[in-house]
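Student: Supplied in structure tokens, the structure appears directly below.
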Amino acid sequence: MRKPLFLTLLLSLILSLARADGGMWIPLFLSQNEAEMQQLGFHLTADDIYSINHNSMKDAIVLFGSGCTAELISSQGLLLTNHHCGYSFVQSHSTMEHNYLRDGFWAKSMEEEIPMEGLTVTFLVYMEDVTDQVLAGVTPQTKEADRQAIVKENIVKVTNKATIGNDYKAIIKPFYYGNQYFMFVTETYMDVRLVGVPPESIGKFGGDSDNWMWPRHTGDFSLYRIYTAPDGKPAGYHKKNIPMKPKQYFPVSIKGVQENDFTLVFGYPGTTRQFLISDGVNAVANIQNPIAIQARTIRLDAMKKQMNLDPRIRLMYSAKANGISNGWKKWQGESKGIRECDVIGKKEAQEKEFQQWVNADPQRKAQYGTLLQDMKKVYESYNNNLQIVTYINEYLFGVEMMEELVYPYMSQLFNEEQVIEDQRYKVAENSMKFRKEYMEAIDKECFVELMTYYFTHEKPENIPASLKKYIQSEPVVRQMMTDMWDNSAKKAPYFLDGQKFNEFVAKANHKQFLKTVSSNEMIMLYSALFDTYRTAVMKYRAESNQLDQYYRTYVKALMEKDKDKAFYPDANLTMRVTYGQVKGFQPADGTDYVYYTTLDGIMEKENPDVYDYQVHPKLKELWEKKDYGRYANEKGQLPVAFIASNHTTGGNSGSPVINGYGQLIGTNFDRVWEGTMSDIWYDVDRCRNISLDARYFLFIVDKFAGAKNIVDEIDVIE
């Protein structure tokens with residue numbers, strides 16, 4: 001079958017020579033990057049990275065859980081990933097008596113390894129370009145609704161065919177807004193056990209203050225092991241399961257890194273949006289981010305106030321605070337980078353050039369003449385709905401009680417006609433489970449401050465009519481919200497009183513349930529905001545879909561315009577390769593950052609009065625004695641982290657950092673704050689990924705933890 005002209009053009013662009021200053025490349029086509037990679041210091045071939053004919057690096061990479069990467073580093077299924085990637089699983093197995101977050105954990109034998117229920121790892125078996133099959137029956141004249149139906153039907157056919165007679169799963173994802181489709185056939189393993197994790201004072205050193213920042217001194221790693229059934233196939237946990245015998249794993253080099261050394265990062269980047277027009281960038285930097293940043297500042301302030309007072313509360317809220325703070329800090333850097341790099345101005349210049357190219361040819365003008373104008377018109381409405389959705393999502397659902405108690409109460413227990421009897425027990429059980437990890441004082445402050453900010457800052461026309469009475473001065477609103485919270489303990493369904501709430505849920509009749517909807521002020525506020533949210537979400541999704549259709553055409557046109565440019569697809573949590581070099585950078589006038597940090601820097605940051613900067617006594621003792629063993633650099637220092645010009649994003653956490661010989665030299669765990677706008681605009685002069693140096697990881701396992709059993713199963717290259 002003859003390929004459409006655009007697909008032929010698209011394939012040629014993908015296969016064209018890439019540049020090292022950015023890009024998340026599809027490993028299937030990496031042979032076309034091979035020459036540049038080798039010029040930068042890669043001594044292997046693209047076939048060593050990805051192959052379906054023999055074992056390759058891809059067979060040592062897994063999707064860890066649902067949003068991180070991990071890599072195999074031994075012949076016995078040993079996995080290395082980030083400390084923060086397994087944080088919630090470690091927390092779930094921690095108690096005050098066995099606090100693995102605070103104290104760390106090191107299995108001295110395989111029998112001591114801890115099963116992590118619910119944690120899975122997924123291998124890519126192979127990927128395939130299935131564009132022709134997915135778009136079979138689609139023509140330029142096909143209406144969008146018909147196109148979606150055809151694509152959906154074709155995807156089912158193709159994935160079903162790929163999984164007949166095997167235990168694999170297959171998923172097909174769109175690339176370039178649906179101009180191309182790839183299928184990913186995968187295999188998932190369910191028995192994953194914790195092998196080792198350093199204490200928070202190492203694995204999370206610097207906390208939120210250092211998050212996204214350079215210089216960085218965080219020992220952000222943890223170790224797990226994959227177990228299989230005796231026949232080597234995936235299986236749920238069983239005591240008779242055996243350690244995995246992997247097809248491929250990485251040796252670990254402690255030779256160290258130097259400036260300009262080649263680096264390759266292999267993993268599962270989550271989301272990038274490089275094709276956004278100026279209006280889309282403005283929506284991120286000046287609408288969505290500021291709203292969300294302020295909400296999360298309020299929540300983090302409330303949590304940390306209590307966490308600093310009580311170690312039990314710290315343990316209870318650590319994972320929650322982590323989940324909030326990561327985006328909070330990233331969005332600040334992203335907006336800063338967009339402003340300082342004038343990304344909106346650069347996008348506007350690109351659009352002007354694009355329009356001139358369109359207008360220069362009658363045929364192009366007929367096809368694309370009003371494209372940008374049409375997109376900008378959609379953004380006018382989209383921006384307001386984005387604001388409504390972001391406000392309510394962050395300020396209403398940011399209150400734990402709203403998310404965990406009010407929402408289930410309103411959505412699962414009853415409707416206008418009847419009580420849903422079989423839901424009574426589930427709602428009560430959820431309530432009891434939720435309250436075990438809940439502190440009302442934190443949530444009350446969140447509710448009062450979040451709602452006060454919402455009613456004093458959201459546009460009045462976006463606030464529901466029934467709630468406009470709360471549009472008052474800040475002190476008045478704060479008192480109204482405080483009273484509302486306190487009264488919710490006194491009126492049915494008694495959200496703040498676990499026993500009374502469960503008794504009401506168990507016994508109330510339909511009339512009593514309905515009465516709470518009209519008499520409980522908390523429920524009335526929730527209902528009004530949720531109705532507004534639901535309406536705005538429907539509009540927002542419709543506008544997003546319309547924009548995606550326009551972007552499909554826009555990207556197609558960009559590729560026609562710039563035939564010699566290599567366009568890599570946006571990240572979408574599928575396997576990608578990015579490569580670059582170890583490099584320092586200059587984020588501001590008079591500031592020159594070197595490419596690595598050492599244990600000396602940890603001691604410079606030490607502050608016993610600040611939890612995030614407390615240094616473990618054993619680590620301090622090793623530093624004082626300079627007892628670094630074989631892990632010191634040529635200057636006698638112990639390296640901790642390094643930076644390079646690899647283009648990474650969320651999902652690359654835990655990705656292996658590979659040298660030119662295919663050896664692991666580090667583990668990716670972050671980006672520099674000044675370059676977090678790389679999801680939208682990659683600037684090679686300021687965008688850097690941050691990686692844990694393999695020497696520090698092995699030093700902690702060996703010298704700090706004394707876990708010789710773990711080190712002995714790793715192939716260490718000296």
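Student: Would you kindly state how much longer the chain becomes between residue 96 and residue 604 on full extension, computed as 0.36 nm times their sequence separation minus their alpha carbon distance, in nm to one decimal?
Tutor: 179.9 nm
Student: I need the phi-derived Karplus couplings for region 223-234: 6.51 cos²θ - 1.76 cosθ + 1.60, θ = phi - 60°, integer Hz, Gly and Pro marked x.
Tutor: Computed from phi, the couplings for region 223-234 are 10, 9, 9, 8, 10, 10, 5, x, 8, x, 8, x Hz.
Student: Residue farthest toward the positive end of the dipole of the chain, with Cβ of Lys/Arg at +1 and Asp/Glu at -1: which of 427, 288, 69?
Tutor: 427
Student: In the chain, which cysteines lack any other cysteine Cβ under 4.7 Å from their own?
Tutor: So, 341, 446, 687.
Student: Mind checking the log10 I(q)/I(0) for region 585-718 at q = 0.10, 0.15, 0.21 Å⁻¹? Debye, one equal scatterer per Cα, no solvent, two decimals.
Tutor: -0.39, -0.86, -1.34
Student: Run the reach check for residue 245 against aspartates and glutamates, Cα to Cα strictly under 14 Å, same-chain hits fewer than 8 apart removed. What comes back?
Tutor: Straight-distance partners of residue 245: 59, 71, 191, 231, 713.
Student: Hey, another quick one. List the residues whose amide H sits under 5 Å from the amide H of residue 163, counting only those 5 or more places along or on another chain, with H placed 1.01 Å from N in the peptide plane.
Tutor: Under 5 Å from the amide H of residue 163: no residue qualifies.
Student: Shifting gears a bit: Provide the net charge surrounding residue 60, with neighbours chosen by a C-beta distance below 13 Å and charges set as Lys +1, Arg +1, Asp -1, Glu -1.
Tutor: -1
Student: Here's another thing I want to ask about it. Count of lysine pairs in region 399-509 with Cα atoms under 24 Å apart, counting only pairs 8 or more residues apart in sequence or on different chains?
Tutor: The number of close lysine pairs in region 399-509 is 29.
Student: In terms of modelled amide H atoms, which long-range or inter-chain residues lie less than 5 Å from the amide H of residue 640?
Tutor: 597, 598, 599
Student: Sequence neighbours fewer than 8 away in the same chain don't count; with that in mind, list the lysines whose C-alpha is under 23 Å from residue 347.
Tutor: 330, 336, 365, 376, 377, 556, 561, 563, 565
Student: Rolling a 1.4 Å sphere over the protein heavy atoms, what is the accessible area per residue of region 349-432, to the nearest Å²?
Tutor: Accessible area per residue: 51 Å².
Student: Just order 686-692, 473-479, 287-293 by mean Cβ neighbour count inside 10 Å, highest at the front, would you?
Tutor: Most protected by this proxy first, the peptides run 686-692, 287-293, 473-479.
Student: I would also like to ask the following. Accessible area of region 81-238 with a 1.4 Å probe: how many percent of it is carbon plus sulfur?
Tutor: 55
Student: Apply the Karplus parameterisation 6.51 cos²θ - 1.76 cosθ + 1.60, with θ equal to phi minus 60°, to every residue of region 681-696 and state each ³J(HN,Hα) to the nearest whole Hz, in sequence, with x for glycine and proline.
Tutor: Using θ = phi - 60°, the values come out as 8, 8, 10, 4, 7, 10, 8, 9, 8, 10, 10, 6, 5, 4, 5, 6 Hz.
Student: List the DSSP H helices in the chain whose Cα atoms stretch 15 Å or more along the helix axis and whose mean Kyte-Doolittle hydropathy is at least -0.5.
Tutor: Those that clear 15 Å and a mean of -0.5 are 289-307, 440-457, 521-561.
Student: Let me ask another. Taking the Cα centre as origin and putting +1 on Lys and Arg beta-carbons and -1 on Asp and Glu beta-carbons, what dipole magnitude results for the chain, to the nearest 20 debye?
Tutor: 1180
Student: According to the square roots a ≥ b ≥ c of the eigenvalues of the Cα gyration tensor, what is the shape class of region 386-468, taking rounded for a/c under 1.5, prolate for a/b larger than b/c otherwise, and oblate for the remainder?
Tutor: Oblate.
Student: Right, another one. For residue 157, give me every one of the lysines with a C-alpha distance below 17 angstrom, ignoring sequence neighbours fewer than eight places off in its own chain.
Tutor: Correct list for residue 157: 169, 173.
Student: Give a residue-ordered list of calculated ³J(HN,Hα) values for region 83-94 (Karplus: 6.51 cos²θ - 1.76 cosθ + 1.60, θ = phi - 60°; whole Hz; x for Gly, Pro).
Tutor: 4, 6, 6, x, 4, 5, 5, 5, 4, 5, 9, 9
Student: Work through the residues other than residue 118 whose Cβ is under 14 Å from its Cβ and net out their charges, Lys, Arg +1 and Asp, Glu -1.
Tutor: After counting each charged neighbour, the total is -1.
Student: Taking a ≥ b ≥ c as the square roots of the eigenvalues of the Cα gyration tensor of region 16-94, is the shape rounded (a/c under 1.5), prolate (a/b larger than b/c) or oblate?
Tutor: The shape class here is prolate.
Student: Rounded to two decimal places and with Rh computed the Kirkwood way over Cα pairs, what is Rg over Rh for the chain?
Tutor: 0.97
Student: For residue 214, which sequence-distant residues (separation of 5 or more, or a different chain) have an amide H within less than 5 Å of its own amide H, given hydrogens modelled in the peptide plane?
Tutor: 673
Student: Largest first and to the nearest Å, give the Cα extent of region 174-250 along each principal axis.
Tutor: That gives 47, 45, 22 Å along the principal axes, largest extent first.
Student: Can you pull the accessible area of residue 411 for me, 1.4 Å probe, Å² to the nearest 10?
Tutor: 60
Student: Given a Förster radius of 35 Å and the C-beta distance between residue 544 and residue 363 as r, what FRET efficiency does 1/(1 + (r/R0)^6) yield to the nearest 0.05?
Tutor: For residue 544 and residue 363, the calculated efficiency is 0.75.
Student: Per the Kirkwood treatment, what hydrodynamic radius in Å, one decimal, follows for region 67-184 from the mean inverse distance over all distinct Cα pairs?
Tutor: In region 67-184 this quantity evaluates to 18.2 Å.
Student: Hey, another quick one. When 1/r is averaged over all different Cα pairs and the result inverted, which Kirkwood radius in Å belongs to region 605-651?
Tutor: Computed over Cα pairs of region 605-651, the Kirkwood hydrodynamic radius comes out at 13.4 Å.
Student: How much net charge surrounds residue 174 when only the other residues with a Cβ under 11 Å from the Cβ of residue 174 are counted, with Lys and Arg +1 and Asp and Glu -1?
Tutor: That sum, taken over residues with Cβ under 11 Å, equals 0.
The values are calculated or read from the model by the stated rules, or taken from the named source; none is laboratory data. This one's a predicted model, so the numbers in the text were calculated from it and none came from an experiment. Every residue, glycine as well, gets a Cβ built from its backbone with ideal geometry; the counts of neighbours run over all protein chains shown. We work out accessible area using only protein heavy atoms, side chains counted, and drop any ligands, DNA or RNA first. Shrake-Rupley method; radii C 1.70, N 1.55, O 1.52, S 1.80 Å.
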